[in-house]
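Every number here is computed from the coordinates shown, using simple stated rules; none is lab data. Because the structure is a prediction, the values reported are computed rather than measured. Cβ atoms come from the backbone with ideal geometry, glycine included; neighbour counts cover every protein chain shown.
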Amino acid sequence: MDLNHPVPYGEPPRDSDGSDDGPRPMVELVAGDFLLTVNPVDGSEIVSCPPGRRPIAPRRAPGGEGPAPAHEGPLLEREEERHRLYRLMARGRSVRLTGPAGSGRSTLLNAVARDCAELAPYGVIRLSGYRRGPKDLLHELYAAVHHTPGYRPGPTELVAELREVGAVVVIDDIEFGGTALDEILEATPECAFLISARPGVPARGERSGVTEVTIGGLSRTASLELLELAVARPLTDVEADWAGDLWFHSEGLPQRFVQAGALLRLRGQTSGAAELPEPADLVLALAEALPEGAREILRLAVALGDVVPGPERLLALVADPAAPDHHAELVASGLLSPIGARHRLTSAALGDLLGAGYAEGAEARSLTAAQHYAAWFGRRGATGADAAAEAEVLPSVVQAAQRAGHAAAVADLARVAAPALAASLRWNVWERVLRSGAESARGAGAVAQQAYFHHELGVLAICQGQLARARAELEAATALRGVLSDAGGAVAGRRALALVDDLSRPLALPPAAQDVTQPLALPPAASTAQLPAVTAPASPAADDGGDRETTRLTPVGSAAPPPTRDRRRGMRRNVAVAGAAAALAAVLGTVVAFGLSGDGDNPDDGGRPEPSPTDDDAPLTTDADPTEPTPSESPSPSDDPTTPSEPTTDPTTPPETAPTYDDPTYTPDDPTTGDGSSTGGSDDGGASSTGGDSGGSDGETTEPDPTTPPPDPEPTEPEEPEETPTPEEPTGEPTEPGDSGGESNGATASGPADPTETPTETPTV
């Protein structure tokens with residue numbers, strides 16, 4: 001066996017007697033939307049949680065209040081602060097209690113918690129803030145209220161459940177403040193928090209609404225009374241004078257007088273005539289007065305940073321059968337303070353012991369602790385609950401062994417402890433152990449363990465919703481397992497990567513969310529919004545009060561509707577009156593035409609009477625049938641070429657200008673018609689002008705001069721529009737120009753179009 005191929009997790013190290021409890025079974029957990037199977041061999045497997053596995057209605061926990069500290073000192077001169085805290089809690093306010101180390105914050109919190117036992121429906125819930133973040137505390141609060149083994153709710157479920165919890169939450173030794181504290185308060189609006197914080201912890205947030213209460217030391221009288229209670233007898237004059245100096249040196253901190261009382265008790269048991277130490281050497285004098293087993297526990301605590309393992313672990317770590325008794329004595333002497341279910345050295349005691357040489361042999365002690373916990377976690381009997389009980393100590397053991405340079409021991413410990421920590425749902429400790437294990441495995445060259453740690457970190461990142469980090473960790477684990485030809489681990493890594501790929505894809509919109517009003521002829525990317533109408537500019541000759549034609553833009557990709565009869569009529573009328581700038585309008589689909597009237601007394605119009613100016617709204621009768629092709633001729637009033645009439649001049653008419661190609665009113669001659677339908681220069685047209693009695697426009701269709709403005713129509717009152725007559729079909733045979741009289745000439749100028757002529761498209765302005 002080498003470091004790249006360690007003993008599998010299913011084969012833990014054997015005990016000294018050769019016994020073996022066998023491999024540990026896999027554990028299934030529900031973490032939010034995922035089903036997590038903790039596999040100790042190849043790494044955890046994660047899939048989407050199937051229906052029915054998540055608890056729908058979490059059950060209420062049988063008891064929400066955590067264990068109270070076993071040893072509590074007397075509470076002196078704290079009645080005012082105690083009643084104030086109770087009144088604030090009774091009004092539903094949250095309180096943050098601050099004070100220097102050793103001022104008795106934990107003792108005051110415990111007293112107030114007992115007073116508030118009946119204030120909230122869920123009672124009092126005790127939590128420890130030691131090495132915990134806001135998310136850790138929220139999950140522990142959920143676990144304290146609901147009995148859901150094997151279930152870690154997701155963010156949505158967690159917030160939804162905690163909003164219904166109404167309790168007094170006591171958090172001792174919180175290590176954060178500011179916006180992180182605001183996050184907890186906003187997630188639990190029905191809870192009142194009683195928090196204690198050490199000096200140096202960030203202050204509360206501005207919008208948290210937490211009341212700050214600060215406590216200090218005791219008075220001289222209360223300090224001496226506390227010392228007498230600790231020794232259970234009156235003080236002598238020498239002891240009273242020594243206690244006065246201690247009060248001045250410690251500023252009345254209660255913890256110092258608890259330690260002084262323990263020292264006086266120990267001195268009384270040995271020799272009452274012993275000299276009392278200086279106030280600054282109180283901790284060292286107390287440690288020297290303790291038994292050797294207690295001093296060994298202090299050396300182990302210094303080696304591990306400050307934390308002290310539980311009494312059951314101390315039996316093996318210090319090799320002393322009286323280790324549990326020594327542990328209790330250290331707690332009663334004030335050298336150890338509680339952190340959750342475990343204890344640690346006070347800050348003042350840690351500094352004094354480090355300066356006194358208690359750190360000697362720390363490397364060997366940290367290695368012993370790492371090996372002991374690795375053997376204990378490797379046994380089948382270590383469950384998730386046991387791992388949760390040791391969650392306060394295990395990070396300190398790992399960090400201490402890592403500082404001492406025992407990389408292989410740290411990698412082995414993290415390898416066997418990680419599955420139990422995952423099952424315990426203390427995922428903050430699980431993550432710390434995994435990161436320390438990955439770093440130590442890299443330093444020790446243990447590639448297989450390094451691949452396992454990266455895989456577990458990737459699975460944890462998926463549960464936390466950090467997909468980018470999960471992909472990086474899983475890819476690293478898969479690459480390392482590919483080098484080792486670890487088929488089982490590579491398959492687990494590829495499955496987790498496939499889940500990351502599925503979660504990284506954007507969600508597709510359901511069919512119901514799509515726009516059902518979108519036309520089928522348009523592509524999905526085309527816009528179906530209705531474009532605004534564009535109004536054609538009015539002609540200078542048009543009446544300001546008249547209607548105007550509007551043109552609506554067609555959306556891109558849609559077919560333009562075929563021109564209607566009215567629209568063709570408008571096109572021809574635009575050509576006929578372009579030079580005169582007459583306006584056309586479309587109102588609700590009905591085209592209203594303004595007729596162009598000439599001299600009503602002109603006898604050369606073929607005997608056909610000119611429409612009166614009041615017939616502006618009547619439709620023209622010169623339009624061809626919609627089923628026939630549109631001829632190139634356009635009806636227009638004809639002028640006598642021999643006796644031209646003087647046009648009526650309107651002062652509002654713009655000056656005459658020569659038409660150009662850029663002018664939209666310019667209409668060029670159609671060179672395709674040579675049968676007399678074009679204007680001027682035709683032999684047939686000249687012959688037809690001599691026949692008949694029409695005068696000069698017989699058999700010839702002339703275009704109006706664009707430069708000549710039309711005569712102004714006489715102002716008349718508009719009449720009601722008459723019903724549009726249906727144009728009659730042409731019944732007579734077309735006659736050659738010049739064969740008939742005025743009627744034939746009129747039909748040529750104003751009658752229906754000749755069906756034998758070739759249709760010519762009329763340019764549109």
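Compute the length gained on full extension between Ala180 and Glu212: take 0.36 nm times their separation in residues and subtract their Cα-Cα distance, giving the result in nm to one decimal.
The Ala180-Glu212 span can extend by a further 9.9 nm.
Pop the C-beta distance of Asp136 and Ala364 into the FRET formula with R0 = 30 Å and round what comes out to the nearest 0.05.
0.40
Rounded, prolate or oblate: which fits the range 310-396 when a ≥ b ≥ c are the square roots of the eigenvalues of the alpha-carbon gyration tensor, with rounded for a/c under 1.5 and prolate only if a/b beats b/c?
Judged from the Cα gyration tensor, the range 310-396 comes out prolate (a/c at least 1.5, a/b above b/c).
What residues from the range 157-191 fall in the zone where the backbone N is under 15 Å from a label point 7 Å along the Cα-to-C-beta line of Ser347?
173-177
Just grab the label-to-label distance for Asp33 and Ala468, each label 7 Å out from Cα along the Cβ direction, in nm (one decimal).
1.9
Mind checking the dipole of the range 71-214: about its Cα centre, +1 per Lys or Arg Cβ, -1 per Asp or Glu Cβ, Debye to the nearest 20?
About 140 debye.
From the backbone phi of the range 76-82, what are the Karplus-calculated ³J(HN,Hα) couplings (6.51 cos²θ - 1.76 cosθ + 1.60, θ = phi - 60°) in whole Hz, Gly and Pro given as x?
Each residue's phi maps through the Karplus curve to give 10, 6, 10, 5, 5, 5, 5 Hz.
Kindly state, to the nearest 0.05, the FRET efficiency for Arg265 paired with Leu354, given R0 = 30 Å and r defined as their beta-carbon distance.
0.75
His83 to Glu292: extension gain in nm, 0.36 nm per residue of separation minus the Cα-Cα distance?
Gain on extension, His83 to Glu292, equals 70.9 nm.
Based on the Cβ-Cβ distance of Arg163 and Ala498, what FRET efficiency does E = 1/(1 + (r/R0)^6) give at R0 = 41 Å, to the nearest 0.05?
For Arg163 and Ala498, the calculated efficiency is 0.70.
Taking the Cα-to-Cβ direction at Val483 and at Phe248 and moving 7 Å from each Cα, how far apart do the two end points lie in nm?
Calculated label separation equals 6.7 nm.
Under a point spin-label approximation (7 Å from Cα along Cα-to-Cβ), what is the Ala280-Arg442 distance to one decimal in nm?
The answer from the label model is 4.4 nm.
Picking from Leu235, Ala167, Phe248, whose Cα lies most toward the positive end of the charge dipole for the range 151-274 (charges on Cβ: Lys, Arg +1; Asp, Glu -1)?
The listed residue farthest towards the positive side: Leu235.
So, counting K/R as plus one and D/E as minus one, what does the shell of residues with Cβ under 11 Å around Tyr130 add up to?
-1
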